[in-house]
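Okay, structure first, notes after.
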Amino acid sequence: DTGVSQDPRHKITKRGQNVTFRCDPISEHNRLYWYRQTLGQGPEFLTYFQNEAQLEKSRLLSDRFSAERPKGSFSTLEIQRTEQGDSAMYLCASILRLAGNNQETQYFGPGTRLLVL
Amino acid sequence: RKEVEQDPGPFNVPEGATVAFNCTYSNSASQSFFWYRQDCRKEPKLLMSVYSSGNEDGRFTAQLNRASQYISLLIRDSKLSDSATYLCVVNANAGNMLTFGGGTRLMVKP
């Protein structure tokens, strides 16, 4: 499968625990995005990377959230001291960003569904 | 006010019907526009980009009105397999961060 992959697909945790999700983008894609989607809502942007550089973070990304893309390939999203309000689907997307083009299709992974008890 | 607004529906239509969804966006600097489709418990998938001149892909027609900041999607001859949530999506910046509407749910019935 050459699409975007995410791991795990589902995660149940207790409030206060730390969780980490992984995203493997399409191999030649240089930009990687994280979004969060709650029930009945559209996805909301969290952060994105151009290669290994984190270029933008949403105000939704509190201090408990941290994302990395150390080698410009896979990325991890960690949530520390989880809260019930963190329960959502966390989606990763990637594109091959070419200069002067903003019409590239973002390809989404299957998401990681988090439930905080 | 949300940046991208859609009627959440659901739209319940019989097979073969024509159905139209509308979407408004608030950022006049928005540069590119899309419709994504999302099936239950699945990831969003690009249905089509939306161009100023309007564009068609088979049974699907998308229109953009920049002056009114309004996007539409028309589905003709609805199929059962069209049942899904349709997300209106806007890109307003060089970072390509997508802003999604809340989605419109379509249910096509036999």
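The values are calculated or read from the model by the stated rules, or taken from the named source; none is laboratory data. Nothing here was measured: the structure is a model prediction, and the numbers come from that model. A quick note on method: Cβ atoms are made from the backbone with ideal geometry, for glycine too, and the neighbour counts reach across all protein chains shown. Heads up: the accessible areas ignore ligands, DNA and RNA and are worked out on the full protein's heavy atoms, side chains in. Shrake-Rupley method; radii C 1.70, N 1.55, O 1.52, S 1.80 Å.
Things to note:
- Here the stretch A:1-115 is assigned +1 on the Cβ of each Lys and Arg and -1 on the Cβ of each Asp and Glu. Its dipole about the Cα centre then comes out at about 360 debye.
- nm² value of the averaged projected area, convex hull over the Cα atoms of chain B: 6.8
- Shape category assigned to chain A from the gyration tensor of Cα positions, a/c cut at 1.5: prolate
- In this structure, B:Ser53 and B:Glu15 have a Cβ-Cβ separation that, at R0 = 41 Å, corresponds to a calculated FRET efficiency of about 0.85.
- Surface burial for B against A, with a 1.4 Å probe and both sides summed, reaches about 1800 Å² of accessible area.
- By accessible area, using a 1.4 Å probe on protein heavy atoms only, chain A has 45% of its surface on carbon and sulfur.
- Dipole in debye (nearest 20) - the protein assembly as shown, about Cα centre, beta carbon charges: Lys, Arg +1; Asp, Glu -1: 500
- Each of B:Leu106, B:Tyr51, B:Gln69 was placed along the dipole of chain B (beta-carbon charges, centred on the mean Cα), and the one lying farthest toward the positive end is B:Leu106.
- Size of the stretch A:46-108 from its Cα atoms: along the principal axes, largest to smallest, the extents are 40, 22, 19 Å.
- Inverse mean reciprocal Cα-Cα distance (Kirkwood Rh) of the protein assembly as shown, Å: 18.2
- Percent RCO, i.e. relative contact order, over the stretch A:6-105, from Cα pairs under 8 Å lying at least 6 residues apart: 35
- Residues in the stretch B:10-58 average 52 Å² of solvent-accessible surface per residue, probe 1.4 Å, ligands and nucleic acids excluded.
- Overall, chain B carries a charge dipole of about 160 debye about its Cα centre when +1 sits on the Cβ of Lys and Arg and -1 on the Cβ of Asp and Glu, all other atoms neutral.
- Antiparallel bridges, percent of DSSP beta bridges restricted to chain B (to nearest 5): 90
- Distance from the stretch A:1-51 to the stretch B:48-96 (C-alpha centre basis), Å: 25
- Divided by 2.2 N^0.38 Å, where N counts the residues, the Cα radius of gyration of the stretch B:3-52 comes to 1.34.
- The stretch A:26-72, Cα convex hull volume normalised per residue, Å³: 84
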